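Report on the structure given below.
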Amino acid sequence: MSRQLFGTDGVRGRAGEFLTAELALALARATVELSCDRHPRVLIVRDTRESGAMLEAAIAAGVTSAGGDVLLGGVLPTPAAPLLLRRHGLQLAVVISASHNPYEDNGIKFFAGDGFKLSDETETEIENRIDLPGAPSERTGRVRELHGALEDYLRELHTRFVSLDLSGRRILLDCANGATYRAAPEIFRRLGAQVDVVADDPDGRNINAGVGSTHMGHLCELMAGGEYDAGFAFDGDGDRVLAVDRHGVVIDGDELVAIVATHYKRTGVLNGGGVAVTVMTNYGFHTAMQDAGINVTTTAVGDRYVNEALRNLDWRLGGEQSGHIIDLGFGPSGDGIASALLTLEALDGGDLVDRQAMVKLPQKLVNIRAASRERLTAAMDSDQVKRAVSAAAASLAGRGRVLVRASGTEPLIRVMVEAPTQEETDEVCSELATAVESALA
């Protein structure tokens, strides 16, 4: 087929239009047919979108028609899938979620038996296979519920953070009406915290609707009252988190990684002495890590690339500004709940307000929507945009940076600028955005 299905985080699009039941079935069938196991056991979990049940049924049909057996985990955060894979010795996991996207969208991502996402090469093989006739299977698989899946995930979290005593701490959680709505409050309470929760009443359509890690305004307002020690906002599938201090100030993934990295450095558990981050990471992060004697490697945007770098270097910690934080000492993927707990562990009883891990440069990010992927590609390849980027980068050399890139999940061109002052940041970003909009016209 001519179109590309897989982006940086699985297959994602409008449910029922692009991401149909037929496509879900074909993807699942092709994945099982390419599996090294003749009859793999496949876990399926999903977030709270109303289209999740439809896609779950279609994926189950695809798996079983190819001879695999299905275990339904129900609504769980994405990071529960790789942990349950390892815990139960399963061969594959499928997560149905569009992460931070609105409820109309949904997505499908696959995890191999080792808990890591499938490689780009394997995803290409799946994509090339889905239009081929399905190979006859010698058996039809079974579909069963995985009873106790939520408790298994909570047990993994509790075992890792059993020494973290949150007694006397008041914590506010924003669960985005998504997959963390049960697990996050429960584990914080088990560790002794006094917990209040917002956006924990999913109805199938309110996931990420003005709440969660991409809509921080409400949580910031609640935190600014000073009643809580810390606030945490998860995205719809629970693999990322942002924090808010008692003054209502947002703490993004760059700062969270810096807090944890310096903690791990002090305690001697920062494997390899380095961290992996993406090209979006703030310039101030690199300065702080240099001062702390911590090595940094930079990857393309996407938690899969951070993960890949960590595994290649045998390092432990990495993350993205958006709040994906990967600690391979706990699990093979980003985990928003674990990252929130890890932040509190790193503070060792201290207050988020007093964090001193890094000083951020002013940053501005503008998303410019393209009418199509073809228009987006043409604009990115245009001399007009290339000249504008080169001129901006030269003007900020040694003082800041610019980044213009195509989103891997949406038809957007992202323009990011960091400069010593907010005024210069805004000015350069505006110039670049104008150049991109002109090229898209």
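Couple of notes before you dig in:
- Listed by position, the helices (runs of 4 or more DSSP H) enclosed by the range 257-362 that each have at least 3 residues that are crowded, with 16+ Cβ neighbours inside 10 Å and modelled with pLDDT under 95 are 283-292, 303-313.
- Qualifying residue in the range 82-93 (condition: within 20 Å of residue 177 (Cβ to Cβ), touching a strand residue (DSSP E or B) at 6+ places or on another chain (Cβ under 6 Å) and buried (at least 21 other Cβ atoms within 10 Å of the Cβ)): no
- The one condition in (1) assigned by TED's automatic domain parsing to the domain that holds residue 218; (2) surrounded by fewer than 24 Cβ atoms within 10 Å (Cβ to Cβ); (3) of a type outside the set (S, T, N, Q) that residue 242 fails to fulfil: (2)
- Out of 67, 62, 52, 73, one residue alone is at positive phi, in contact (Cβ under 8 Å) with a residue 24 or more places away in the chain, assigned by TED's automatic domain parsing to the domain that holds residue 132 and small (Gly, Ala, Ser). It is 67.
- The range 163-190 - residue that is under 17 Å from the mean Cα position of the chain (by Cα) and part of a loop (DSSP other than H, G, I, E, B) and, of those, nearest to residue 203 (Cα to Cα): 177
- Among residues of the range 104-121, those that are among the charged types (D, E, K, R) and under 16 Å from residue 48 (Cβ atoms), counted: 2
- Taken residue by residue, the range 30-48 has at least one member that is over 18 Å from residue 143 (Cβ atoms), at pLDDT 95 or above and acidic (Asp, Glu).
- With respect to the conditions (1) hydroxyl-bearing (Ser, Thr, Tyr); (2) in the same structural domain as residue 19 (by TED's automatic domain parsing); (3) touching a residue at least 12 places away in the same chain (Cβ under 8 Å), residue 181 lacks only one, and its number is (2).
- Residue match in the range 394-409 (condition: assigned to a helix (DSSP H, G or I) and not assigned by TED's automatic domain parsing to the domain that holds residue 102): yes
- Among the conditions (1) closer than 22 Å to residue 339 by Cα; (2) assigned to a loop (DSSP other than H, G, I, E, B), residue 151 misses just one, which is (2).
- Among the numbered conditions (1) without any contact (Cβ under 8 Å) to a residue 40 or more places away in the chain; (2) within 21 Å of the chain's Cα centre (by Cα), the only one that residue 374 does not meet is (2).
- Test: residue in the range 88-106 that is within 30 Å of residue 194 (Cβ to Cβ), assigned to a loop (DSSP other than H, G, I, E, B), in contact with a helix residue (DSSP H, G or I) (Cβ under 9 Å, 6 or more places away or on another chain) and not aromatic (Phe, Trp, Tyr): yes
Residues checked against (1) among the aliphatic types (A, V, I, L, M); (2) modelled with pLDDT under 95; (3) more than 29 Å from the chain's Cα centre (by Cα):
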residue: 397; (1), (2), (3): yes, yes, yes
residue: 401; (1), (2), (3): no, yes, no
residue: 406; (1), (2), (3): yes, yes, no
residue: 415; (1), (2), (3): yes, no, no
residue: 420; (1), (2), (3): no, yes, no
residue: 424; (1), (2), (3): no, no, yes
residue: 429; (1), (2), (3): no, no, no
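- Screening 211, 269 for residues that are in the same structural domain as residue 300 (by TED's automatic domain parsing) and aliphatic (A, V, I, L, M) leaves exactly one candidate, 269.
- Remark: pairs (first residue in the range 95-117, among the acidic types (Asp, Glu); second residue not in a loop (DSSP other than H, G, I, E, B); Cβ separation under 6 Å; 6+ apart in sequence or on different chains) = 104/14; 105/14.
- Scanning the range 392-422 for residues that are under 16 Å from residue 439 (Cα atoms) and in contact with a helix residue (DSSP H, G or I) (Cβ under 9 Å, 6 or more places away or on another chain) turns up 404, 405, 406, 411, 412, 413, 415.
- Only one of the numbered conditions (1) touching a residue at least 40 places away in the same chain (Cβ under 8 Å); (2) over 25 Å from residue 55 (Cβ atoms); (3) polar (S, T, N, Q) is not met by residue 267, and that is (1).
- Across the range 217-227, the qualifying residues are those that are surrounded by fewer than 21 Cβ atoms within 10 Å (Cβ to Cβ) and in contact with a strand residue (DSSP E or B) (Cβ under 9 Å, 6 or more places away or on another chain), and the one among them that is nearest to residue 345 (Cα to Cα) is 227.
- Some residue of the range 35-58 being surrounded by fewer than 18 Cβ atoms within 10 Å (Cβ to Cβ), within 21 Å of residue 127 (Cα to Cα) and in contact with a helix residue (DSSP H, G or I) (Cβ under 7 Å, 6 or more places away or on another chain): no
- Selected residue (criterion: nearest to residue 4 (Cα to Cα)) from residues of the range 128-148 that are in a loop (DSSP other than H, G, I, E, B) and among the charged types (D, E, K, R): 131
- Screening the candidates 125, 121 for the property of being of a type in the set (D, E, K, R), in contact with a Leu (Cβ under 8 Å, 6 or more places away or on another chain), modelled with pLDDT under 95 and not in a loop (DSSP other than H, G, I, E, B) yields one hit, 125.
The values are calculated or read from the model by the stated rules, or taken from the named source; none is laboratory data. This is a predicted model, so every value here is computed, not measured. Glycine also receives a Cβ, built like all others from the backbone with ideal geometry; neighbour counts cover every protein chain displayed.
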